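*Asks:* This is the structure, below, for whatever I ask next.
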């Protein structure tokens, strides 16, 4: 049987996923080492930690937008940002570092599953039970990531917003829900069902004499 | 399945092997085997036409309907 070469787009996605997976593995190993080192005296209280703020920042800054033919008065009212811990105490780092490791682990698992799926597609095995299971697994993984993110962000929201003090900025009461993860999970779930129908049609065609 | 394939019966009546039929009809042995074992989901008119021509029979001699026993 003649083997058909996979389209360039599939091959590019496959090799990019391999690259991302390799980088994630390196980052994960580095984070394990970092977590271990946190419990030694090597790492002190001078880590420059950056974390995503769980909520939007409410502020009221007026400015001017210079367009080609006119100036428009504008107001900056809501922004998202990161919090930089200047010389972070290890007690805080010990709380945040494992969370980042879990996030890397979830993203790594999703990337690995996607890599297996795209490898199957590259090799011409498109409508298979394995691919259906892989798509569902990615969908469940994204839901898991979303749940973890929501729990983490709500805890961070309580922890940070209640204790953070700035002169003219305050954190909005809403926090990002990362709903894109749920939307993609839903789309993948639908795609898994499309693949299931594809598999049934493929079997019917193969068993038509 | 309610539709039974009696290809083996017709082959025995015509004293023909599956290999011989495969060569005369131009269908692979594996596909004919699927048909003979009743694992096929569908059969093309062209296939039925070719088999009937080679075996000198009617489609009803190859396919038989038997209601499922409950």
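Read-outs throughout are calculated quantities, based only on the coordinates presented, and are distinct from any laboratory measurement. No experiment lies behind these values; they were computed from the predicted model shown. With ideal geometry, Cβ positions are generated from the backbone for all residues, glycine too; neighbour counts draw on all protein chains shown.
*Asks:* Considering every Cα-Cα pair within the protein assembly as shown, what fraction, in whole percent, is farther apart than 27 Å?
*Replies:* Here the tail beyond 27 Å accounts for 65 percent of pairs.
*Asks:* Based on the Kirkwood radius over alpha-carbon pairs, what value in µm²/s does the Stokes-Einstein equation return for the translational diffusion coefficient of segment A:111-209 at 20 °C and 1.002 mPa s?
*Replies:* 131
*Asks:* If you line up the long axis of helix A:8-37 against the longest principal axis of chain A, both from Cα atoms, how many degrees apart are they, to the nearest 10?
*Replies:* Between the helix axis and the principal axis of chain A, the angle is about 50 degrees.
*Asks:* Turning to a different aspect of this structure: Going by alpha carbons, how many degrees (0 to 90, nearest 10) lie between the helix axis of A:90-122 and the longest principal axis of chain A?
*Replies:* The two axes meet at around 20 degrees.
*Asks:* Compute for segment A:1-46: radius of gyration divided by Kirkwood radius, i.e. Rg/Rh, restricted to C-alpha atoms, rounded to two decimals.
*Replies:* Rg divided by Rh gives 1.41.
*Asks:* Could you tell me what a quarter of the Cα convex hull surface of segment A:139-196 works out to, in nm² with one decimal place?
*Replies:* If you wrap the Cα atoms of segment A:139-196 in a convex hull and average its projections, you get 4.3 nm².
*Asks:* What average number of partner chain Cβ atoms lie no more than 10 Å from the Cβ of the residues making up A:130-139?
*Replies:* 0
*Asks:* Hey, got the Cα dimensions of segment A:95-149 along the principal axes, in Å, largest first?
*Replies:* Projected onto its principal axes, the Cα set of segment A:95-149 covers 45, 17, 10 Å.
*Asks:* Taking every pair of alpha-carbon atoms in segment A:32-83, what share in percent sits in each 5 Å bin, from 0 to the bin with the longest distance?
*Replies:* Reading the bins upward from 0: 4, 14, 12, 12, 11, 11, 9, 8, 6, 6, 5, 2, 0.
*Asks:* In µm²/s, what is D for segment A:33-187 at 10 °C and 1.306 mPa s, where D = kT/(6 pi eta Rh) by Stokes-Einstein and Rh is the Kirkwood radius from Cα pairs?
*Replies:* For these conditions, the coefficient is 83 µm²/s.
*Asks:* Calculate how steeply helix B:45-55 sits against the longest principal axis of the alpha-carbon atoms of chain B, using the helix alpha-carbon long axis, and give the answer as 0 to 90 degrees to the nearest 10.
*Replies:* So the inclination is approximately 60 degrees.
*Asks:* If you look at just the Cα atoms of chain B, how large are its Rg and its Dmax in Å?
*Replies:* For chain B, the Cα radius of gyration and maximum Cα-Cα distance read 11.7, 40 Å.
*Asks:* Could you state, as a whole-number percent, how many of the C-alpha pairs of segment A:1-100 are farther apart than 24 Å?
*Replies:* Value for segment A:1-100 (Cα pairs over 24 Å): 59 percent.
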